[in-house]
1. Name the residue from L155, V213, N183 whose Cα lies farthest towards the positive end of the charge dipole of segment 18-225, charges +1 on Cβ of Lys and Arg and -1 on Cβ of Asp and Glu.
2. Starting from segment 20-95, pick out the trypsin sites (Lys or Arg not before Pro) whose DSSP state is loop and whose Cβ has at most 13 other Cβ atoms within 10 Å.
3. Rounded to the nearest 0.05, what FRET efficiency do T190 and A30 have when you use their Cβ-Cβ distance and R0 = 25 Å?
4. So between R16 and L82, what do we pick up on full extension, going 0.36 nm a residue minus the alpha carbon distance?
5. For segment 1-159, build the charge dipole from Cβ charges (+1 Lys, Arg; -1 Asp, Glu) around the Cα centre, then report which of T110, S74, A142 sits farthest towards its positive end.
6. What length, rounded to one decimal in nm, is gained on full extension from L90 through to T110, with 0.36 nm per residue of separation minus their alpha-carbon distance?
7. Based on the Cβ-Cβ distance of D71 and V46, what FRET efficiency does E = 1/(1 + (r/R0)^6) give at R0 = 41 Å, to the nearest 0.05?
8. Determine the dipole magnitude for the chain: charges of +1 sit on the beta-carbon of Lys and Arg, -1 on that of Asp and Glu, nothing else is charged, the reference point is the Cα centre, and the result goes in debye to the nearest 20.
Amino acid sequence: MQTQDSLEPMPAWRRRTRGEHRWPTALAIAVAIALQLLLPASIVPVTRWLMPAVESALLLVLFLADPFRIDRESSLLRMLGLGILGVIGLSNGWSVVLLVQHILTGRTITPGRLLAAGAAIWLTNIIVFALAYWEFDRGGPAVRASGRRAVPDFLFAQMQSPELAEPDWEPEFADYLYLSFTNATAFSPTDVLPLSRWAKMIMMVQSAVALMVVVLVVARAVNVLH
């Protein structure tokens with residue numbers, strides 16, 4: 001005999017779906033590349049064009065190989081996606097170190113340029129961690145589309161209360177971008193709960209980096225103004 005629960009339709013995030021579109025993540029990566037190009041030369045790792053050129057090349061290859069919906073599991077596509085994430089993360093982390101060194105050594109820089117550089121790094125940090133959450137939650141976008149992994153690393157409100165969401169709702173990149181933004185501003189989880197240990201640790205790292213950048217940049221800018 002079937003119970004009431006067995007008659008309820010399975011939520012989209014627990015079954016096979018068409019997969020999400022590629023373009024939102026491609027747009028976010030393009031924004032991150034543009035932000036890196038706006039940084040002052042003194043806090044750019046290596047040369048201004050090297051990291052953005054590598055990121056652009058990887059993005060182009062990935063987009064040409066799989067331009068539409070992300071529903072095909074492929075080791076090559078996975079490596080390309082993680083490669084882009086790694087290069088952007090390395091570049092931004094390097095810029096954070098150079099910025100902190102710049103501030104602590106007291107090098108001359110106008111408050112406007114300092115705040116602009118800090119804002120660019122902070123925004124890139126949000127994109128980097130959004131990509132990380134998106135790439136690793138339940139094995140990545142392609143695995144999520146297959147519906148094989150029922151245990152989530154991040155628990156969204158729609159998962160807890162499916163009656164408040166559309167029948168085909170499942171987390172997409174915009175949801176992970178929102179998670180990253182709120183974690184960088186509130187320095188703690190808001191309506192999305194990290195369940196796995198790696199998710200908790202990476203959110204902790206993001207909050208620490210965001211807090212350090214904000215505190216140091218603002219403090220230095222105020223000091224320069226006085």
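Nothing in this text is a laboratory measurement; each read-out follows from the coordinates by a stated rule. Quick caveat, the model's predicted, so the values are computed rather than measured. Neighbour counts are summed over all protein chains in view; Cβ atoms, including those assigned to glycine, are modelled from backbone coordinates with ideal geometry.
1. V213
2. Details: sites: R22, R48, R69, R72, R78; in loops: R22, R48, R72.
Qualifying residues, ordered by number: R72.
3. On the way: r = 27 Å, r/R0 = 1.07.
With a Förster radius of 25 Å, E is 0.40.
4. On the way: separation 66, 0.36 × 66 = 23.76 nm, distance 2.29 nm.
Length difference between fully extended and current span is 21.5 nm.
5. Among T110, S74, A142, the one farthest towards the positive end of the dipole of segment 1-159 is S74.
6. Working: separation 20, 0.36 × 20 = 7.20 nm, distance 2.60 nm.
Length difference between fully extended and current span is 4.6 nm.
7. Numbers: r = 36 Å, r/R0 = 0.88.
Efficiency at R0 = 41 Å is approximately 0.70.
8. Details: 18 positive and 17 negative charges, 156 e Å.
Taking the Cα centre of the chain as origin, the dipole is about 760 debye.
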